[in-house]
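A.B. asks: Below you will find the structure I want to go over with you.
What follows draws every value from the coordinates through simple rules; no lab data is involved. Given the structure is predicted, the values throughout are model-derived calculations rather than measurements. Heads up, the Cβs are rebuilt from the backbone with ideal geometry, glycines too, and the neighbour counts pull from every protein chain shown.
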Amino acid sequence: MSSLSHITTAPAQAESALVARLFSEIAQMTPDVKGVSRPAFSEIETRTLEYLEDFARSEGLDVWYDAGRNANFCLPGDRKADSYIVVGSHVDSVPFGGNYDGMAGVIAGLLCLVRARRAGQAFRRPVHVLAMRGEESAWFGPCYVGSKALTGQLAVSEMQARHKGDGRTLAEHMAGTGLPVERIAARTPLIDCSRIEAYLELHIEQGPLLIGKDLPAAVVSGIRGNFRHRSIKCIGEAGHSGAVPKAYRKDPVLAFADLMVRLDESWTTILNKGDDLVLTSGVVSTDPDTNAMSRIPDRISFSLDVRSQSSAALEEMRNLLRTEMTQIEKDRKVRFEFDGELSTTPATCDPALVSGLQAAMASTGLQPFVMPSGGGHDAAVFAAAGVPSGMVFVRNRNGSHNPDEDMDVSDFLAACSIIYTFLTEEVCPRSPCADRTTGTCTCAMAKC
């Protein structure tokens, strides 16, 4: 039977009400001035995991915490499986954030377990659902902290990043939450990735493509990598706004503007070559203690976020940034100072999983659609650890990382059914299977 029946029958009404209740209660637990706020490695994040734990136990699911203090869930009897599929995402959010970024993926995994438990249906392979901490970069700067710690990829330099509010290091916050920081600093994995057959993640789309195409969901082909700087400084010389002629100015604001224009022009050139790139400077400020309308600032600080599906394009922009800064320093008599670079490599979703999720999407009655991910996700970290990874996007209005995220429950259930179908039905993830001519299926995920 197609999983589309779960969307249109009476059980779907119960699922719809359940999902709406979970999202609503979590939002009520974690409010900000507007939207929600679930800081990474905070008491609020811990209480959110405990809420999910209580819900899972009420549904008869097994619950435990790994060494990274992430919550794990499965059907009774599947915890000790030799190998398993992980369905996961993160529970933290940005400040003034939306309620669906990350949380949708966790609730999707739980819904798959609950659906199977209530229906008495077995998965083709054991399934563990993973609710992770600390994916968002808004609090410390580094992103994917929870999944990097789990897989042994978190750098010591990242652990020394300081919280935007209290100034304490990430390592201090992690230790306070009960994580083994010495093992993490040694880059010792906290889980055995060789036991994970695949990592699947549902996430709201963070752009407008599914809205424009009027589609409820999509399968993801790959995830952009990035390099980022939290605070680059441009240092010039202060002066009176009316007394210093242009030829004598060392104006860091104009130097910054010059840099942005040059990078924007190079961005267009890279796109015209057919490469993928996005560039953002989301934080720009002069010194609030000394700035004034009639004063030429002596310095400006700004962030920079460059993303691409191409490692070559990222390296091209990295080199270009240095070249343009050097020229602007000569032209405008200023000085740029870098902070430490934060970076992640682009990730390609596993082709077999992409094919399998497409087949599952078709099985639910939806037209298969594949698209790349502009935002970064924990799936990229698992892929870098050698775990075959795949993703499903669900339609969402108004972007993400803001209180106006707007995901319809009906779209969410449709996307969940893609994953549920993949986990339960005999859909072959290879099209065709590599060894179909011999009659022997080599697919790790399904029978042909």
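A.B. asks: Compute the Rg to Rh ratio over region 1-119 from the alpha carbon atoms, using the Kirkwood formula for Rh, and round to two decimal places.
C.D. replies: Radius of gyration relative to Kirkwood radius: 0.98.
A.B. asks: Which one, Leu366, Leu75, Leu263, has the greatest fluctuation when you compute a Gaussian network model over the chain with C-alpha springs under 10 angstrom?
C.D. replies: Looking only at Leu366, Leu75, Leu263, the biggest GNM fluctuation is shown by Leu263.
A.B. asks: May I pose another question? Would you work out if region 78-130 is rounded, prolate or oblate? Take a ≥ b ≥ c from the square roots of the eigenvalues of the alpha-carbon gyration tensor; rounded if a/c is under 1.5, else prolate when a/b is larger than b/c, oblate otherwise.
C.D. replies: Numbers: a/c = 4.20, a/b = 1.98, b/c = 2.12.
Taking the square roots of the gyration eigenvalues as a ≥ b ≥ c, region 78-130 is oblate.
A.B. asks: Then there's this: Which of Lys34/Lys233; Lys80/Lys148; Lys164/Lys250; Lys164/Lys233 have a Cα-Cα distance over 28 Å?
C.D. replies: Check vs 28 Å cut-off fails for Lys34/Lys233; Lys164/Lys250.
A.B. asks: With +1 on each Lys and Arg Cβ and -1 on each Asp and Glu Cβ, how big is the dipole of the chain about its Cα centre, in debye rounded to the nearest 20?
C.D. replies: Once rounded to the nearest 20, the dipole reads 460 debye.
A.B. asks: To test your reading of the geometry: what angle, between 0 and 90 degrees and rounded to tens, separates the Cα axis of helix 351-363 from the longest principal axis of the chain?
C.D. replies: Helix 351-363 sits roughly 60 degrees off the main axis of the chain.
A.B. asks: Rounded, prolate or oblate, given the Cα gyration tensor of region 97-173, with a/c below 1.5 counting as rounded?
C.D. replies: prolate
A.B. asks: Something else about it: If I take the Cα coordinates of the chain and project them onto the principal axes, what are the three extents in Å, biggest first?
C.D. replies: 80, 48, 41
A.B. asks: Where both partners of a DSSP beta bridge lie in the chain, what percent of those bridges are antiparallel, to the nearest 5?
C.D. replies: Antiparallel bridges make up about 70 percent of those DSSP assigns within the chain.
A.B. asks: On average over all directions, what projected area in square nanometres does region 226-344 have, based on the convex hull of its Cα atoms?
C.D. replies: In nm², the orientation-averaged hull projection of region 226-344 is 7.5.
A.B. asks: Give me the distance in nm between label points sitting 7 Å out from Cα along the Cα-to-Cβ direction at Lys80 and Arg318, one decimal.
C.D. replies: For the pair Lys80/Arg318, the computed spacing is 4.6 nm.
A.B. asks: Read phi for every residue in region 268-278 and hand back ³J(HN,Hα) as whole Hz from Karplus 6.51 cos²θ - 1.76 cosθ + 1.60, θ = phi - 60°, with x for Gly and Pro.
C.D. replies: Per-residue couplings from phi come out as 4, 4, 5, 5, 5, 7, x, 8, 9, 6, 9 Hz.
A.B. asks: With a bin width of 5 angstrom, please list the P(r) values of region 275-413 as percents of all Cα-Cα pairs, from the 0 bin to the one holding the largest distance.
C.D. replies: 2, 7, 11, 14, 15, 14, 11, 8, 7, 5, 3, 2, 1, 0
A.B. asks: Please give me the summed charge of the neighbours of Tyr65: other residues whose Cβ is under 11 Å from its Cβ, Lys and Arg +1, Asp and Glu -1.
C.D. replies: Values: positive: Arg69, Arg133; negative: Glu50, Glu53, Asp66.
Around Tyr65, the charge tally is -1.
A.B. asks: Compute, for region 226-344, the length of the dipole vector about the Cα centre, with Cβ point charges of +1 (Lys, Arg) and -1 (Asp, Glu) only. Units Debye, rounded to 20. List each step's numbers first, then the result.
C.D. replies: Working: 17 positive and 19 negative charges, 69 e Å.
Charge dipole, region 226-344, about its Cα centre: 340 debye, nearest 20.
A.B. asks: Related question: Step through the residues of region 239-250 one at a time and calculate ³J(HN,Hα) from phi using the Karplus curve (6.51 cos²θ - 1.76 cosθ + 1.60, θ = phi - 60°), rounding each to whole Hz and writing x for Gly and Pro.
C.D. replies: Result, rounded to whole Hz: x, 6, 5, x, 9, 9, x, 4, 5, 9, 7, 10.
A.B. asks: For the pair Asp264/Ala20, report the inter-label distance in nm, with labels modelled 7 Å from Cα in the Cβ direction.
C.D. replies: Rounded to a tenth, the inter-label distance reads 4.4 nm.
A.B. asks: Under 10 Å, Cα contacts only: if you run a Gaussian network model on the chain, which one of Lys333, Lys273, Lys34 comes out with the highest mean-square fluctuation?
C.D. replies: Lys273
A.B. asks: Counting only other residues whose beta carbon sits under 9 Å from that of Arg397, what net charge do I get with K and R as +1, D and E as -1? Kindly include the intermediate steps, with their values, before the conclusion.
C.D. replies: Numbers: positive: Arg395; negative: Asp404, Glu405, Asp406, Asp408.
My count for the surroundings of Arg397 gives -3.
A.B. asks: Given the options Met391, Ile296, Gly167, identify the residue whose Cα lies farthest towards the positive end of the charge dipole of the chain (+1 on Cβ of Lys, Arg; -1 on Cβ of Asp, Glu).
C.D. replies: Most positive-ward Cα: Ile296.
A.B. asks: Show that you can apply the helix-only estimate: for the chain, add -39,500 (n - 2.57) for every DSSP H stretch of four or more residues, divide by all residues, and state [θ] at 222 nm to the nearest 500.
C.D. replies: -11500 deg cm²/dmol
A.B. asks: I'd like the FRET efficiency for Gln367 and Thr326, computed as 1/(1 + (r/R0)^6) with the beta carbon distance as r and R0 of 41 Å, rounded to 0.05.
C.D. replies: Working: r = 50 Å, r/R0 = 1.22.
Efficiency computed from Cβ-Cβ geometry: 0.25.
A.B. asks: Say we join alpha carbon atoms closer than 10 Å with springs in a Gaussian network model of the chain; which of Gln367, Gln327, Gln358 then has the biggest fluctuation?
C.D. replies: In this elastic network of the chain, the residue with the biggest mean-square fluctuation among Gln367, Gln327, Gln358 is Gln327.
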